[in-house]
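Inspection log for the structure reproduced underneath, given as structure tokens.
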Amino acid sequence: MKNTLFRKNDIYLIGILLLISLLILGGVNLTKKSGAEVVVSIDGVEAYSFPIDEDLEFEITGYDGGTNLLIIENGYAYLKEASCPDKLCVHMGKINKEGQSLICLPNRVVVEIRGTGKTKSEDDYDTVVG
Amino acid sequence: MSKTQKIALNGALAALAMILSYVEMQIPAFFAVPGVKLGLTNIVVLVALYVLGEKNAFFINVVRIVVVSMLFGNIMGFAFSIAGGMLSTLVMILLKKTSHFSVTGVSVAGGISHNVGQIIVAMILLNTKAIIWYLPILWISGIVSGAVIGIVGALVCSRIVIKE
């Protein structure tokens, strides 16, 4: 076998990819501001919108009747309960920054934090996606 | 290697890939981000790629995804697996062809392209662009797991002796 475990190119590849990921991650976290609105979309359609500074408990009925319990508390939004088996969205934690989101694939529910009106980071993000 | 031996080896590898898929399904998600996985099946794909060839690796993965989705998954899971699996297999084949990278590098590229495929499907299914922000986190996990799987794959490859 002529392939050794690591070659120079592998190290470069891994290094460059890690650097890109960390730069994007760092950039996103530094430029993000606290959001103002919690927007709930079901199957790609915006369904509800709540102010983030008002405490709230709301049951979202998603695609195919699945439910997620949305909690807004002390300026953070999170999903407390979900009807799906994996409960990944519940483990995604609390969010409060613009652009952050909680996603439940089985129920096709996306909970997203938005700022008020169009902001700089919104524009950037549209260019990235094309 | 005779034709019969080749067929048998392909079948055995496809079966092994299915078992590893199933084993991986039993591991609970240990991270808060969906899509973070170890990618055990990729060991088989790597071995097939280096020992048998490109076509074999590709089809072993196709058979694995189709059968596993039919047995244990659903249509959503199939969409995610097939997009991630095909993209990663194609990227690994291309990278191997350049022969600038070892098994580890090929595996890392496969891991992160699997993440890209899955994010694309999620963007289409959920009709949202917001999910693209998970890509950096998925990439970091994909690089780590891809490297680990690549090292294991390389060790396995170096121990398999095919009699001509």
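Readers should treat all values here as calculations from the given coordinates under stated rules, not as data from a laboratory. Every value quoted in this text rests on a predicted model; they were computed, and no experiment measured them. So basically every Cβ, Gly included, is an ideal-geometry build from the backbone, and we count neighbours across all protein chains shown.
Quick notes
- Ellipsoid semi-axes for the stretch B:1-105, based on the Cα gyration tensor and the rule √(5λ), read 23, 18, 12 Å when sorted largest first.
- Considering only A:F6, A:L17, A:A36, the residue lying farthest towards the positive end of the dipole of chain A is A:F6, judged by Cα position with unit charges set on Cβ.
- When only Cα pairs below 8 angstrom with a gap of at least 6 residues are kept, chain B shows a relative contact order of 27 percent.
- The separation of the stretch B:90-124 from the stretch A:1-62, counted between C-alpha centres, amounts to 20 Å.
- Rounded to the nearest 20 debye, the dipole magnitude of the protein assembly as shown is 1860 debye, with +1 charges on Lys and Arg beta carbons, -1 on Asp and Glu beta carbons, and the Cα centre as origin.
- For chain A, average projected area of the Cα convex hull in nm²: 11.3
- Dipole magnitude of the stretch B:1-99, debye to nearest 20 (Cβ charges: Lys/Arg +1, Asp/Glu -1, about Cα centre): 280
- Selection from B:G77, B:I137, B:V62 lying farthest towards where the dipole of the stretch B:1-149 points positive, charges on Cβ: B:V62
- Cysteines without a disulfide-compatible partner [chain A; Cβ-Cβ under 4.7 Å]: A:C84
- The GluC sites (Glu not before Pro) of the stretch A:1-103 that DSSP puts in a loop, and whose beta carbon has at most 11 other beta carbons within 10 Å, are A:E54.
- Dividing the convex hull volume of the alpha-carbon atoms in the protein assembly as shown by its residue count gives 124 Å³ per residue.
- Student exercise, the stretch A:37-114 dipole from Lys, Arg, Asp, Glu Cβ charges, in Debye to nearest 20: 280
- Here, the stretch A:37-114 has an Rg and a Dmax of 10.9, 31 Å when only alpha carbons are counted.
- Counting beta carbons within 10 Å around each of B:V106, A:V40, B:V51 and listing the fewest first gives the order B:V51, A:V40, B:V106.
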